[in-house]
Amino acid sequence: MARPTGGTYHPIYQQPYIDAAQGETIGELIASYSQRLIAFINAIPEAKANYSYAESKWTVKQVLQHIIDTERIFTYRALCISRGETTNLPGFDENSYAANAPAQHRTLASLKEEFALVRKSTDMLFASFTEKQLQRVGTTNNYMVSVNALCFIVFGHNLHHEKVLRERYL
């Protein structure tokens, strides 16, 4: 299926993520970004694990936990909609999740491993979607979004945080 079109995602909040994920199909995104993202995360030095570039900003471990949590949430949304869910799926407060996540008590190595496993699981789910499933549209946090758009959003969100980590943390 081709890139998401207008009307299948929130134009303000999700357009930057969709724009960041360059490619025309889910298969292209998986081929272009999956291993690259895992390699980037695996290359983060242990010395940076608890680094924060400013007061009140997340540490590298908290950013990585956020990436993992968000990929799971977006993937859950894609799964639900692909299976015909019609209820409005809830939003989430990323700052509340970060405050309640155990990132500070985890090792960087464990977060890297979890990221790689979540990425692989996401890729397998996305590759399993049929064209009909990718076209399905559902409601999340009171706005309409397609399964196809959610797939692009997952990659775009990861790429956004890769850029933030490169520019501000590493």
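Any read-out appearing in this document is the output of simple, stated calculations on the displayed coordinates, not a laboratory observation. For clarity, every value in this text was computed on a predicted model and none was experimentally measured. Glycine also receives a Cβ, built like all others from the backbone with ideal geometry; neighbour counts cover every protein chain displayed.
Structure values in brief
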item	result
More than 17 angstrom apart: percent of Cα pairs within the stretch 102-170	60
Semi-axis lengths (Å, descending) of the ellipsoid that matches the C-alpha gyration tensor of the stretch 73-117	27, 15, 5
Residue 160 versus residue 24: modelled label distance in nm, points set 7 Å from Cα along the beta carbon direction	2.7
Mean separation of Cα contacts under 8 Å, 6 or more apart, over the residue count of the chain: relative contact order %	43
Inter-probe distance in nm under a simple model that places probes 7 Å from Cα toward Cβ, at residue 118 and residue 139	2.7
Cβ-based charge dipole, the stretch 1-61, positive-most Cα from 20, 52, 34	52
Computed label-point distance, nm, for sites residue 31 and residue 170 using a 7 Å Cα→Cβ extension	2.5
On Cα atoms only, tilt of 60-82 relative to the major axis of the chain in degrees	10
Degrees separating the helix 108-128 axis from the principal Cα axis of the chain, which is the longest one	10
Förster radius 25 Å - calculated FRET efficiency between residue 5 and residue 125 (Cβ-Cβ, nearest 0.05)	0.70
The chain: angle of helix 147-164 to the longest principal axis, Cα-based, in degrees nearest 10	20
In Å, descending, principal axis extents of the Cα set of the stretch 1-133	45, 30, 24
